[in-house]
Amino acid sequence: MARAGIAPNQKFTLGGATFIIHTRLEDNRWQVRNVLTGEWVAFPESDLLRLYQDRELVFEVAALDEVETSQRLKILLKRSLATFPENLVQKAERVLKYLIRLDCHRNNGAPIQSLAPKSLQQFIDAAAAEFEDPFPPSTSKLHVAYSRWIAGGRDIRAVIAKHEKRGNRLPRLPAEVLRVARSKIVEVLTCREKRTSRHVLDAVKTELSELNKHRDSSRQLPIPCMKTVTRMIAKIPRYELAVMQHGKRFADVEYRSTGRGPTTTRPLEQVEIDHTPIDCIVVDETTGLPLGRPWITSILDRYSKCCIGFSIDYGGPSTRSIMRAFKNAILPKTYVKEKYPTIENEWPCYGLWSLLVADNGKDFLSDEVMRVSSDLGFDLLYGPPRMGSFKGAIERFQRTLNEQNMHPAAGTTLSKYIDLKDYNPRTTAVITLQTLQEEIHRWIIDVYHQDVHGTPGYIPVHRWTEGMKMMTVPLPAARVDLDRVVGLHRYGRVWHYGMDFLKLKYNSSELQDLRCQFGKKISLERVIDFDDLGRIHVIHPVHKTYIAVPATYPELSTGISVYQQKLILKLARIETSGCVDNAALRRARETICSNLAKKLKLKKPHITFTDDLFIKSANRPFMKSSPKSNADLSFHPAPSSARAESADTYEVDKLT
């Protein structure tokens, strides 16, 4: 390591500027000069030492005696001694003993040692006998090493052999061959299909062969070998090579650099939300048939790493699953002890958060989520597209959930299909949806919240409890307000029987009063609870208040979720589709239509003439008259067969 210090003619850098120390003043201050501007400044020595301690002041690597060194030697002196090969350092230490003895003979009052070969050989022989060195350095080597050692400020790194500089650095192949090779490397490796150096060499050979066809025998381009192409590929930076072979996104992920992430100071300051499929196939509780893989939407607190809520749903990510997760995360978890008595610990996580971090999914960008964020008073932050590391805490939580809880269970699908090998999860699936919900509750409450978190080294539930001691948990003013906010907002028309949703009808006296007041074709905004279709809330069109409207048939809707009602309707369609004879229905409709058409043809018109009026009866064809005078107007009765079948009478009065 090079030595430096506060001394005259010593250079140092401070704040991007270079200074040189000139002289020391009487009050223990040093007068320095700015090399670029020539300005003189006086620094107390204590300030210079403090700046050096704070890593703001850096001395130049040059020797104290201001010996001019080359740029390459300056770079060499900046290297740490540990970066050199150990065998080269040992050889330099052997030579260093001779250099120190030679420097003492030349500068410490002794007769000046000559650097002539004959005199220098006598010095080497005497020193080697004293050091008992069987392999002393030669005179030329010692002479060169002494010059470099002095130029480097008597630093050992100046005399270490630079074996990495050996060899020829100039290319042996012609420039035309190198150009073709570089272009083919880029052309072949940028293909998305898997290409190797063998394909690159084949492309280079083909291109050079075509070029050699137009050259005479004395100007033929040489064909490179496999090692040459491999070395050229090895010189490409790994990031650029990954961009060529797999694309920029893969290279960014593969060579990403991660740091600490956002810093939070309290619970519920920032939460993260995301969807993921559960790596397990769920079976139906009644039939035992596999239903597929459900999705879980979970919300994680960034400060304590506690999961504050989740929801399990089918059909993939949706606004419904987000709203259910919101409600589960905000409300206290008082249902755990009643519904799952075998769970040992409590789930104390609940409340409204300040910032929600999500990705750019369509469900998170929906108007419903925007409206809920405004009503509940939290901000939304969306990460960059296709960058899961922006919300790495929730991503890692979901991976841990699948690996620790789902992968050991029967019917697991694992994370990748190729990992299943000969394992068929559908034949071994035994987990029902209720069992899955209970096990996920148990894992979150009794395992994940009670275990030490890896990176920060704390227990999540303890960190949550400690953080909540100094703050009040924010909650909505009333539970019914939360149900209205996180519900499904849709417009619907008010009929005489009320409003309908998924074949369920809702009606009340207040709803009919609104229909009588604003008209029978009024459409009102309604709020539907995703988990309970027993009632809906209608928003008053003027006062904007909520009106609770119960279901007409509560025994068919209370406690039924939106997803369950859709399954019920789907099952009903499947069951009734085979019970109806559609062909018989079509024949009956055709028969009815044909009979009605025949009856209409046989009916007679009923027409009455009065003194001054010519009246056509209802549903009778109008009588045609000739545009002649009134004296020529006559009536032509219907055929006798028609008169016999019809009971109608025709009265004809003389027209005047």
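The values are calculated or read from the model by the stated rules, or taken from the named source; none is laboratory data. Owing to the predicted nature of the structure, the values given are computational and were not obtained by experimental measurement. Reconstructed Cβ throughout: ideal geometry from the backbone, glycine too, with neighbour counts over all protein chains shown.
Considering (1) in a helix (DSSP H, G or I); (2) buried (at least 21 other Cβ atoms within 10 Å of the Cβ); (3) over 22 Å from the mean Cα position of the chain (by Cα); (4) among the hydrophobic types (A, V, I, L, M, F, W, C), the lone condition that residue 336 does not fulfil carries the number (2). Scanning segment 195-211 for residues that are within 22 Å of residue 237 (Cα to Cα) and either of a type outside the set (S, T, N, Q) or assigned to a loop (DSSP other than H, G, I, E, B) (or both) returns 195, 196, 198, 199, 200, 201, 203, 204.
Take segment 71-85 and flag every residue that is hydrophobic (A, V, I, L, M, F, W, C), at pLDDT below 75 and surrounded by 12 or more Cβ atoms within 10 Å (Cβ to Cβ). Full working, then the answer.
Quick first cut of segment 71-85, residues hydrophobic (A, V, I, L, M, F, W, C) only: 73, 75-77, 81-82, 84.
Next, from what is left, pick out any that are at pLDDT below 75: 73, 75-77.
Scanning segment 71-85 gives 73, 76, 77.
Residues that are surrounded by 15 or more Cβ atoms within 10 Å (Cβ to Cβ) and β-branched (Val, Ile, Thr) within segment 439-476 comprise 440, 444, 445, 459, 461, 465, listed in sequence order. None of 192, 256 is within 30 Å of residue 301 (Cα to Cα), within 37 Å of the chain's Cα centre (by Cα) and not in a helix (DSSP H, G or I) except 256.
A quick yes/no check of all residues on (1) within 20 Å of residue 484 (Cα to Cα); (2) out of contact with any helix residue (DSSP H, G or I) (no Cβ under 8 Å at 6 or more places or on another chain):
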position: 316; (1), (2): no, yes
position: 342; (1), (2): no, no
position: 367; (1), (2): yes, yes
position: 375; (1), (2): yes, no
position: 402; (1), (2): no, yes
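Among the residues that make up segment 243-251, is at least one of them loosely packed, with under 11 Cβ neighbours inside 10 Å and not small (Gly, Ala, Ser)?
Of all residues in segment 243-251, those loosely packed, with under 11 Cβ neighbours inside 10 Å come to none.
No, segment 243-251 has no match at all.
So, residue 371, is that one surrounded by 18 or more Cβ atoms within 10 Å (Cβ to Cβ) and either basic (Lys, Arg) or under 26 Å from residue 481 (Cα atoms) (or both) or not? Here the answer is no, as residue 371 does not meet what is asked.
Scanning segment 227-268 for residues that are within 25 Å of residue 172 (Cβ to Cβ) and of a type outside the set (Lys, Arg) yields a total of 10.
For residue 343, the conditions (1) within 29 Å of the chain's Cα centre (by Cα); (2) at pLDDT 90 or above; (3) not small (Gly, Ala, Ser) all hold with the exception of (1).
Residue check: is residue 154 basic (Lys, Arg) and more than 47 Å from the chain's Cα centre (by Cα)? Yes: the conditions hold for residue 154. Residues of segment 141-167 that are loosely packed, with under 15 Cβ neighbours inside 10 Å and in a loop (DSSP other than H, G, I, E, B): 162, 166, 167. Cβ-Cβ contacts under 6 Å between residues 6 or more apart (or on different chains), taken from a first residue in segment 141-164 that is over 12 Å from residue 100 (Cα atoms) and touching a residue at least 40 places away in the same chain (Cβ under 8 Å) to a second residue that is surrounded by 17 or more Cβ atoms within 10 Å (Cβ to Cβ) and among the basic types (Lys, Arg), are listed as 158/148; 159/148.
Conditions first: (1) touching a helix residue (DSSP H, G or I) at 6+ places or on another chain (Cβ under 6 Å); (2) surrounded by 15 or more Cβ atoms within 10 Å (Cβ to Cβ). Residue 515 passes all but one, so which condition is the exception? The single condition residue 515 does not satisfy is (1). It is to be established whether one or more residues within segment 449-470 are under 30 Å from residue 283 (Cβ atoms) and in contact with a Phe, Trp or Tyr (Cβ under 8 Å, 6 or more places away or on another chain). Yes, because at least one residue in segment 449-470 is under 30 Å from residue 283 (Cβ atoms) and in contact with a Phe, Trp or Tyr (Cβ under 8 Å, 6 or more places away or on another chain).
Screening residue 352 with (1) at pLDDT 80 or above; (2) within 28 Å of residue 454 (Cα to Cα); (3) touching a Ser or Thr at 6+ places or on another chain (Cβ under 8 Å) gives one miss only, at (3).
Picking from 299, 322, 308, which residue would you name as being in contact with a Ser or Thr (Cβ under 8 Å, 6 or more places away or on another chain), buried (at least 18 other Cβ atoms within 10 Å of the Cβ) and assigned by TED's automatic domain parsing to the domain that holds residue 393? Show your work before the answer.
Working: 299 fails: in contact with a Ser or Thr (Cβ under 8 Å, 6 or more places away or on another chain); 308 fails: in contact with a Ser or Thr (Cβ under 8 Å, 6 or more places away or on another chain).
It is 322.
Restricting to segment 129-140, and then to whatever is touching a residue at least 24 places away in the same chain (Cβ under 8 Å) and either under 30 Å from residue 232 (Cβ atoms) or surrounded by 15 or more Cβ atoms within 10 Å (Cβ to Cβ) (or both), can you tell me which residue is farthest from the chain's Cα centre (by Cα)? Only one residue fits best here, namely 136.
Only one entry in 36, 102, 49 is closer than 19 Å to residue 10 by Cβ, at pLDDT 80 or above, among the hydrophobic types (A, V, I, L, M, F, W, C) and assigned to a helix (DSSP H, G or I), namely 49.
Listed by position, the helices (runs of 4 or more DSSP H) contained in segment 425-539 that have at least 2 residues being under 30 Å from residue 260 (Cα atoms) and of a type in the set (A, V, I, L, M, F, W, C) are 460-468.
Quick check on my filter: what residues within segment 477-499 are at pLDDT 85 or above, in contact with a strand residue (DSSP E or B) (Cβ under 7 Å, 6 or more places away or on another chain) and surrounded by 12 or more Cβ atoms within 10 Å (Cβ to Cβ)? It would help to see each step written out before you state the result.
Here is the first cut: in segment 477-499, the ones at pLDDT 85 or above are 491-499.
Narrowing further to those that are in contact with a strand residue (DSSP E or B) (Cβ under 7 Å, 6 or more places away or on another chain): 491-494, 497-499.
Passing the criteria: 492, 493, 494, 498, 499.
For segment 11-36, a residue qualifies if it is in contact with a Leu (Cβ under 8 Å, 6 or more places away or on another chain) and surrounded by 17 or more Cβ atoms within 10 Å (Cβ to Cβ), and the qualifying residues are 12, 14, 30. Counting only residues that are farther than 20 Å from residue 372 by Cα and within 17 Å of the chain's Cα centre (by Cα), which one in segment 299-325 is modelled with the highest pLDDT? My answer is 302.
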